[in-house]
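Enquirer: Please see the structure below; I have some questions.
The values are calculated or read from the model by the stated rules, or taken from the named source; none is laboratory data. Since we're looking at a predicted model, the values are computed, not measured. Here Cβ is always computed from backbone atoms with ideal geometry, including for glycine, and neighbour counts include all displayed protein chains. Ligands, DNA and RNA are excluded from the accessible area calculation, which covers all protein heavy atoms including side chains. Shrake-Rupley method; radii C 1.70, N 1.55, O 1.52, S 1.80 Å.
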Amino acid sequence: MKRSSAATTAAASSGVALGATMVSLGRRLTTARGYRAHGVTELAVLDHDTLLAAVTASDAIERVRAALVAFAAGDWVMPPKVYLDSPPHGDFRAMPARGGGLAVLKWVTSFPSNPEIGLPTVRGVVCVSDAVTGEPVMLLDAGAVTALRTGAIAAVATQALAPPDARSVGIVGCGLNGGWAARCLAAAGYGPGVCHDPRPSAAQALAEELGWAAGTRGDAVRRDVVCCVTPGSAIVIDAGDLRPGLHLNMLGADGPGKAEASVGAVASCALFCDEWEQASHGGELTGAVQAGLVTRERVTELGAVLAGTATGRPGPEAVTLFDSTGLAIQDLAVATAALEAWRDGRVGAQTVTL
Ligand SMILES: NC(=O)c1ccc[n+]([C@@H]2O[C@H](COP(=O)([O-])OP(=O)(O)OC[C@H]3O[C@@H](n4cnc5c(N)ncnc54)[C@H](O)[C@@H]3O)[C@@H](O)[C@H]2O)c1
């Protein structure tokens with residue numbers, strides 16, 4: 001995408017012509033009476049690779065942790081995500097959030113059959129706007145934002161909930177987001193780990209990248225910290241896999257009808273989630289809630305633990321389970337870091353003038 005030089009030139013000359021009667025406010029042109037007469041918005045566009053160059057895994061972890069605390073305090077806000085079905089292919093999701101002077105909308109898909117035709121499951125854009133003026137300021141590749149913030153929350157939850165001496169990692173499901181969970185855990189000092197995937201090439205590639213090992217599901221679930229990031233169409237954690245001190249990050253079940261752990265296994269754990277409404281209606285907790293085995297009182301939101309207003313791990317012997325369904329405030333956290341990187345000149349971006 002190229003900057004529109006014709007539009008830029010026209011906007012500049014109209015600004016000069018109107019000079020005395022116009023007040024320039026940043027990139028906006030406003031009449032002396034306060035009416036916007038002519039808007040010029042320069043929108044930065046960060047593609048997948050630029051976003052990943054702009055925001056490191058360590059930065060994403062810190063940003064996502066801070067976002068959860070700000071959300072718990074009510075400083076960052078996030079209405080429920082809206083689903084728009086597109087049968088039989090999948091669904092679109094609209095995920096807005098506001099905080100720190102910015103607002104975002106992630107417009108993103110989950111099209112599970114896309115890999116069969118060589119396309120990613122998750123595609124879309126994140127639009128970042130100035131929350132004071134409403135001006136759109138940046139467009140980001142949603143797949144990269146999603147992968148980075150999803151990986152980051154696995155690390156944040158592990159730091160908050162796993163026993164202090166937990167180090168080894170099992171990754172069950174080594175696709176796009178499983179890979180980023182592993183990278184973020186490695187960036188946070190966890191590992192080595194065991195990578196498991198029915199596609200041996202996926203497990204092997206991730207293991208080689210991180211200096212970890214590929215292995216069976218059984219090998220992976222015997223590690224200190226186990227992250228499940230499968231499509232959620234089959235149970236990969238059962239009650240027999242639970243043992244004292246284990247920490248589970250369940251990332252794959254992020255919509256209705258998905259589950260990676262049996263209801264019995266879920267009900268046996270000390271339970272944590274990113275956000276109760278999402279987790280109880282379209283997350284790993286949903287089956288146990290519907291079965292009447294888990295109620296709101298039994299589940300703690302991670303942000304409350306991070307803010308110090310709720311207790312985390314009940315004790316060294318507990319099995320902790322964190323249910324991640326994916327929050328728009330996580331997207332906002334990563335988008336904020338990307339915008340800062342661009343404004344500081346640490347990454348370049350394509351720009352388009354609207
Ligand atoms: N919690 C969140 O915030 C969040 C964010 C993004 C995606 N997701 C969800 O995570 C899941 C994975 O998404 P993705 O983009 O990484 O998909 P992906 O297709 O890139 O990866 C999924 C991987 O799981 C593997 N897999 C399938 N069945 C398995 C099994 N039984 N055991 C082990 N591995 C298995 C696949 O071979 C594949 O490598 C999806 O359900 C997606 O909706 C959640």
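Enquirer: Residues that are more than 24 Å from the chain's Cα centre (by Cα): which helices (runs of 4 or more DSSP H) entirely in the stretch 242-326 hold 1 or more of them? Explain how you work it out, then say what you get.
Expert: On the way: elements: 263-268, 276-282, 286-290, 302-307.
It comes to 263-268, 286-290.
Enquirer: Only residues that are under 15 Å from Asp254 (Cα atoms) and in contact (Cβ under 8 Å) with a residue 40 or more places away in the chain: list them for the stretch 84-108, please.
Expert: Asp91, Met95
Enquirer: Do you know which residues across the stretch 110-141 are touching a residue at least 40 places away in the same chain (Cβ under 8 Å) and within 12 Å of the ligand (Cβ to nearest atom)?
Expert: Residues of the stretch 110-141 touching a residue at least 40 places away in the same chain (Cβ under 8 Å): 110, 112, 120-122, 126, 128, 133, 135-141.
Correct list: Ser110, Pro112, Pro120, Thr121, Val122.
Enquirer: Quick one: is Thr109 touching a Leu at 6+ places or on another chain (Cβ under 7 Å), crowded, with 17+ Cβ neighbours inside 10 Å and within 20 Å of Lys81 (Cα to Cα)?
Expert: Numbers: touching a Leu at 6+ places or on another chain (Cβ under 7 Å): no; crowded, with 17+ Cβ neighbours inside 10 Å: yes; within 20 Å of Lys81 (Cα to Cα): yes.
So Thr109 fails the test.
Enquirer: Could you please find all residues in the stretch 320-354 being open to solvent by less than 40 Å² (accessible area, probe 1.4 Å), touching a Ser or Thr at 6+ places or on another chain (Cβ under 8 Å) and more than 23 Å from Asn177 (Cβ to Cβ)?
Expert: Ala349, Val352, Thr353 - these are the residues of the stretch 320-354 that are open to solvent by less than 40 Å² (accessible area, probe 1.4 Å), touching a Ser or Thr at 6+ places or on another chain (Cβ under 8 Å) and more than 23 Å from Asn177 (Cβ to Cβ).
Enquirer: Sort through Cys174, Cys195 and tell me the only one that's more than 14 Å from the chain's Cα centre (by Cα), free of Cβ contacts under 8 Å to residues at least 60 places away in the same chain and not in a loop (DSSP other than H, G, I, E, B). Write out each step before concluding.
Expert: Numbers: Cys174 fails: not in a loop (DSSP other than H, G, I, E, B).
None of the other options fit; the residue is Cys195.
Enquirer: Could you tell me whether Gly193 is within 9 Å of the ligand (Cβ to nearest atom) and either closer than 18 Å to Gly326 by Cβ or touching a Lys or Arg at 6+ places or on another chain (Cβ under 8 Å) (or both)? Break it down into steps so the answer makes sense when it comes.
Expert: Details: within 9 Å of the ligand (Cβ to nearest atom): no; either closer than 18 Å to Gly326 by Cβ or touching a Lys or Arg at 6+ places or on another chain (Cβ under 8 Å) (or both): yes.
No; evaluated as a whole, the condition is false for this residue.
Enquirer: So, one more: Of these, Ala207, Ala203, Ala261, Ala253, which one is among the aliphatic types (A, V, I, L, M) and surrounded by fewer than 24 Cβ atoms within 10 Å (Cβ to Cβ)?
Expert: Going through Ala207, Ala203, Ala261, Ala253 in turn, the sole match is Ala207.
Enquirer: Considering every residue within the stretch 220-229, establish whether at least one is in contact with a strand residue (DSSP E or B) (Cβ under 6 Å, 6 or more places away or on another chain), away from the ligand (no atom under 11 Å from the Cβ), at negative phi and open to solvent by 50 Å² or more (accessible area, probe 1.4 Å). Talk me through it step by step, then tell me what you get.
Expert: Kept after step one, since they are in contact with a strand residue (DSSP E or B) (Cβ under 6 Å, 6 or more places away or on another chain), are these residues of the stretch 220-229: 220-221, 223, 225-228.
Those left that are additionally away from the ligand (no atom under 11 Å from the Cβ): 223, 225-226.
Going one step further and asking which of them are at negative phi, we end up with 223, 225-226.
Then drop every residue that is not open to solvent by 50 Å² or more (accessible area, probe 1.4 Å), which leaves 223.
The answer is yes; a qualifying residue exists.
Enquirer: Would you tally the residues in the stretch 271-303 being touching a Lys or Arg at 6+ places or on another chain (Cβ under 7 Å) and open to solvent by less than 30 Å² (accessible area, probe 1.4 Å)?
Expert: First, pick out the residues of the stretch 271-303 that are touching a Lys or Arg at 6+ places or on another chain (Cβ under 7 Å): 271, 276.
With the extra rule that they be open to solvent by less than 30 Å² (accessible area, probe 1.4 Å), the set shrinks to 271.
The qualifying residues number 1.
Enquirer: Tally up the residues in the stretch 75-123 that are closer than 21 Å to Gly257 by Cβ and either more than 13 Å from the chain's Cα centre (by Cα) or not in a strand (DSSP E or B) (or both), please.
Expert: Summing the residues that are closer than 21 Å to Gly257 by Cβ and either more than 13 Å from the chain's Cα centre (by Cα) or not in a strand (DSSP E or B) (or both) in the stretch 75-123 gives 27.
Enquirer: Inspect the stretch 49-61 for any residue being open to solvent by less than 30 Å² (accessible area, probe 1.4 Å), within 16 Å of the chain's Cα centre (by Cα) and free of Cβ contacts under 8 Å to residues at least 60 places away in the same chain and give the result as yes or no.
Expert: no
Enquirer: How about the stretch 182-192: which of its residues are part of a loop (DSSP other than H, G, I, E, B) and either β-branched (Val, Ile, Thr) or surrounded by 14 or more Cβ atoms within 10 Å (Cβ to Cβ) (or both)? Break it down stepwise before answering.
Expert: To start, the set of residues in the stretch 182-192 that are part of a loop (DSSP other than H, G, I, E, B) comprises 188-192.
Ala188, Tyr190, Gly191, Pro192 - these are the residues of the stretch 182-192 that are part of a loop (DSSP other than H, G, I, E, B) and either β-branched (Val, Ile, Thr) or surrounded by 14 or more Cβ atoms within 10 Å (Cβ to Cβ) (or both).
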